[in-house]
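*Asks:* Next up is a structure, given as structure tokens.
The values are calculated or read from the model by the stated rules, or taken from the named source; none is laboratory data. Model, not experiment: these values are computed from the prediction. Every residue, glycine among them, receives a Cβ derived from its backbone with ideal geometry; neighbour counts consider all protein chains shown. For accessibility, only protein heavy atoms count, side chains too; no ligands or nucleic acids. Shrake-Rupley method; radii C 1.70, N 1.55, O 1.52, S 1.80 Å.
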Amino acid sequence: MNLLDAPLLFQILTAILSCIVFIKKRTFFLGLLSLFLVVTFVVELTGAYLSSIGGHNFLVYHLYLFFENTLIFLLYYKLIYDKKYLIISYFLLAVIFVLWCLIFFSQKYFRSTIIVGAFNVGMLVFLYLRELLLSEKIINYKKILPFWVSVGFLIFYLSTIPFFSFWNYMRDRELFPILDFLIILMNLIISFGLIWSNKGEESY
């Protein structure tokens, strides 16, 4: 496997761009987003390297699941002002952590953790977009970074639900390029948001 394939290239470029914008604006959201993008790239690079030398990368992605779901929840916790709607997300997050612990005993729970995590991301994104639509900020949505991050997350995470739900059918049909395309698309959208929002003075 080529360690410098397209998804990894887009991931590192987006991570670097995010760090550059963070240095300029230094907001809570940008800090967490930059951390998320950098760690995600490091994990994917490590996984690709271990795979290229015939090593096992399962533990790397297992540990990453905990980080990924926790950080995305924190990203949206501050954005969503009406906390009462987060009760479903709290429940899903608890389920995710239980499944994550069960993975130590059986790897069969790995896909279930990914699927529930994707549902939780979708829930958080919809809650944020709902509040955005009901606020005056929607007028300048093009310059609001969380909006573009949410669009990228929505496209990627919701698309992974059917992919991993039908894993036994999908894995034998050379459909992995679909995931690569989704990763590239998500990073393109986030990068666009970073560039466009950098022109405005929105705080997030």
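*Asks:* Within the chain, which is the longest segment containing none of the trypsin sites (Lys or Arg not before Pro) that sit in a DSSP loop and have at most 13 other Cβ atoms within 10 Å?
*Replies:* 109-170
*Asks:* Right, another one. Please go through region 104-141 and write out the chymotrypsin sites (Phe, Trp or Tyr not before Pro) that DSSP classes as loop and that have at most 15 other C-beta atoms within 10 Å.
*Replies:* Phe104, Phe105
*Asks:* Can you tell me what percent of all Cα-Cα pairs in the chain are more than 21 Å apart? It would help to have the intermediate numbers written out before the result.
*Replies:* Working: 11233 of 20706 pairs.
Roughly 54 percent, once rounded to a whole number.
*Asks:* Apply the Karplus parameterisation 6.51 cos²θ - 1.76 cosθ + 1.60, with θ equal to phi minus 60°, to every residue of region 76-87 and state each ³J(HN,Hα) to the nearest whole Hz, in sequence, with x for glycine and proline.
*Replies:* Each residue's phi maps through the Karplus curve to give 8, 4, 6, 6, 8, 7, 7, 5, 4, 6, 7, 4 Hz.
*Asks:* Lys and Arg at +1, Asp and Glu at -1: add these up for the other residues within a Cβ distance under 15 Å of Val60 and post the number.
*Replies:* Net local charge, Val60 excluded: -2.
*Asks:* Related question: Leaving ligands, DNA and RNA out of it, report the carbon-plus-sulfur percent of the accessible area of the chain at a 1.4 Å probe.
*Replies:* About 71 percent, which is the carbon plus sulfur part of the accessible surface.
*Asks:* Given a cut-off of under 8 Å on Cα pairs at least six residues apart, what relative contact order in percent is computed for region 67-135?
*Replies:* Taking the mean separation of contacting Cα pairs over the length of region 67-135, I get 42 percent.
*Asks:* Calculate one ³J(HN,Hα) per residue across region 117-122 by plugging θ = phi - 60° into the Karplus curve 6.51 cos²θ - 1.76 cosθ + 1.60, and present them in order as whole Hz with x for glycine and proline.
*Replies:* Going residue by residue, I get x, 5, 4, 5, 4, x Hz, with x marking Gly and Pro.
*Asks:* What's the percent breakdown of Cα-Cα distances in region 7-84 across 5 Å bins, shortest bin first?
*Replies:* Per 5 Å bin, starting at 0, the Cα pair percentages come out as 3, 15, 20, 20, 19, 11, 7, 3, 1, 0.
*Asks:* Give the longest segment of the chain that steers clear of GluC sites (Glu not before Pro) in DSSP loops with at most 15 neighbouring Cβ atoms within 10 Å, not counting the sites themselves.
*Replies:* Between the exposed loop sites, the longest stretch runs 1-173.
*Asks:* Sticking with this structure for a sec: Quickly estimate the mean residue ellipticity at 222 nm for the chain, helices only: each DSSP H run with n ≥ 4 gives -39500 (n - 2.57), and the total goes over all residues, rounded to 500.
*Replies:* After summing the helix terms and dividing by the residues of the chain, the value is -25500 deg cm²/dmol.
*Asks:* In degrees, nearest 10, range 0 to 90: what is the angle between the Cα axis of helix 6-25 and the longest Cα principal axis of the chain?
*Replies:* For 6-25 against the chain, the angle is about 30 degrees.
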